[in-house]
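First the structure, in the form of structure tokens, and then the observations on it.
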Amino acid sequence: MRLTFDFSNFALLGYDTKKAWESLAPYTTYFHIKDAVQAQKRIVPAGEGEGHIAEILGQAYQQGFSGFTSLEPHLVGARRDGGFSGESNFARAHRALINLLQSIKAKYN
């Protein structure tokens, strides 16, 4: 069994994403990219929250991660049945992810 690592889910609940990554790295084949600020219970673009996304993705890629990464911003609202960002917020989240990937020198397409 493998899993999807979602940074904001850990951050929103007050868990340390770095500790979660230490435990779950061997089982992770997919990243959902969204970040969060726990105190505000708010989802934010990658790198603007407490998810330690750059650090964790950097480690994953250095260790040969070859799975999938998807942008899942939910910047306007997240519910049990899905999330919403809208066109301009999705573009904002995409720019944040590209900047983050470039900062860790990750290959992407």
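Per-structure values
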{"read-out": "Net charge of Cβ neighbours under 11 Å - reference Ile33; Lys, Arg +1; Asp, Glu -1", "value": "-2"}
{"read-out": "³J(HN,Hα), Karplus 6.51/-1.76/1.60, whole Hz, each residue of the stretch 45-60, x for Gly, Pro", "value": "x, 3, x, 9, x, 9, x, 6, 4, 4, 5, 5, 4, x, 5, 4"}
{"read-out": "Nearest-20 debye value, the stretch 3-103 charge dipole, Cβ charges on Lys, Arg, Asp, Glu", "value": "180"}
{"read-out": "[x] -0.59; [y] -0.75; [z] -0.50, with the label sought being that of the calculated log10 I(q)/I(0) by the Debye sum over Cα atoms at q = 0.14 Å⁻¹", "value": "[z]"}
{"read-out": "Rounded to 5, the percent of DSSP beta bridges in the stretch 3-103 classed as antiparallel", "value": "45"}
{"read-out": "Sequence-distant residues sharing a close amide H with Leu71 (under 5 Å, placed H)", "value": "Ile33"}
{"read-out": "Mean separation of Cα contacts under 8 Å (6+ apart) over length of the chain, as relative contact order %", "value": "24"}
{"read-out": "Amide hydrogen neighbours beyond the local backbone of Ala36, cut-off 5 Å, H modeled", "value": "Val44, Gly49, Glu50, Gly51"}
{"read-out": "Neighbourhood net charge (10 Å Cβ-Cβ; Lys/Arg +1, Asp/Glu -1) for Pro45", "value": "+1"}
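Quick note: the coordinates plus some simple rules give every number you see, no bench work behind them. The shown structure was predicted, so the numbers you read here are calculated from the model rather than taken from an experiment. Reconstructed Cβ throughout: ideal geometry from the backbone, glycine too, with neighbour counts over all protein chains shown.
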